[in-house]
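Notes to accompany the following structure.
The values are calculated or read from the model by the stated rules, or taken from the named source; none is laboratory data. Treat the numbers as computed from the prediction; the structure is a model and nothing was measured. Virtual Cβ from ideal backbone geometry, glycine too; neighbours counted across all protein chains shown.
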Amino acid sequence: MSAGGDATDVGRAAVPGCPFCGIVAGELPARVIWETDLVIAFRDIAPVAPVHVLIVPRAHVPDALSLDASHAALLAELAIVGRRVAEAEGVASSGYRLVFNVGEDGGNTVSHLHLHLLGGRPMAWPPG
Ligand code: 5GP
Ligand code: ZN
């Protein structure tokens with residue numbers, strides 16, 4: 001895999017010790033609910049809402065601070081799979097939230113880009 005590759009080759013190869021690379025590789029268990037060439041969606045291990053799904057690039061992109069124009073197709077895929085998951089999980093009409101946590105103040109804990117999809121209850125604003 002090379003830097004600056006095409007849309008199916010965005011990011012870096014599996015990073016040893018990265019839990020989400022392990023899930024993508026099938027080496028760690030996960031409750032996977034959606035898969036495309038670019039992304040995989042699975043249930044969060046510690047859900048904070050009735051529906052809590054993580055939508056994750058197959059390639060290891062560290063976080064949202066690592067994004068540039070080469071990730072445009074990947075970002076579109078994350079949001080579109082978010083829509084599909086919301087529909088499949090029955091929260092499309094009631095509403096849902098898509099979140100990237102970034103850095104310490106953002107509450108990021110896993111260094112492999114992931115989009116949280118939260119739904120099934122009203123979400124407070126501003127968030128805590
Ligand atoms: P962050 O805090 O980085 O935005 O979100 C990381 C999320 O990943 C947390 O909600 C946490 O519960 C979830 N998580 C961490 N490790 C695992 C794991 O091994 N499997 C799954 N399914 N979720 C995980
Ligand atoms: Zn990774």
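Before moving on, here are some points about what is shown:
- The one condition in (1) hydrophobic (A, V, I, L, M, F, W, C); (2) within 19 Å of VAL15 (Cβ to Cβ); (3) assigned to a helix (DSSP H, G or I); (4) touching a residue at least 60 places away in the same chain (Cβ under 8 Å) that LEU65 fails to fulfil: (4)
- Filter result for ALA30 (outside any strand (DSSP E or B), more than 15 Å from LEU118 (Cβ to Cβ) and in contact with a helix residue (DSSP H, G or I) (Cβ under 8 Å, 6 or more places away or on another chain)): yes
- Among (1) in contact with a Lys or Arg (Cβ under 9 Å, 6 or more places away or on another chain); (2) touching a residue at least 24 places away in the same chain (Cβ under 8 Å), the one test that ARG31 misses: (2)
- Taken across the stretch 49-58, residues that are part of a loop (DSSP other than H, G, I, E, B), under 11 Å from the mean Cα position of the chain (by Cα) and buried (at least 19 other Cβ atoms within 10 Å of the Cβ) do occur, with at least one present.
- All of (1) away from ligand 2 (no atom under 11 Å from the Cβ); (2) crowded, with 20+ Cβ neighbours inside 10 Å; (3) among the small types (Gly, Ala, Ser) hold for ALA46 with one exception: (2).
- Residue within the stretch 94-101 that is in a strand (DSSP E or B) and within 16 Å of ligand 2 (Cβ to nearest atom) present: no
- Considering residues of the stretch 9-27 that are assigned to a loop (DSSP other than H, G, I, E, B) and surrounded by 12 or more Cβ atoms within 10 Å (Cβ to Cβ) only, the residue modelled with the lowest pLDDT: ASP9
- Residue match in the stretch 103-111 (condition: closer than 16 Å to ALA49 by Cα and either in contact with a helix residue (DSSP H, G or I) (Cβ under 9 Å, 6 or more places away or on another chain) or within 16 Å of ligand 1 (Cβ to nearest atom) (or both)): no
- Figure legend. Inter-residue proximity from the stretch 86-111: first residues without any contact (Cβ under 8 Å) to a residue 24 or more places away in the chain, second residues surrounded by 13 or more Cβ atoms within 10 Å (Cβ to Cβ) and polar (S, T, N, Q), beta-carbon distance below 6 Å, spacing 6+ or different chains. Indicated pairs: ASN101/ASN108; GLY107/ASN101.
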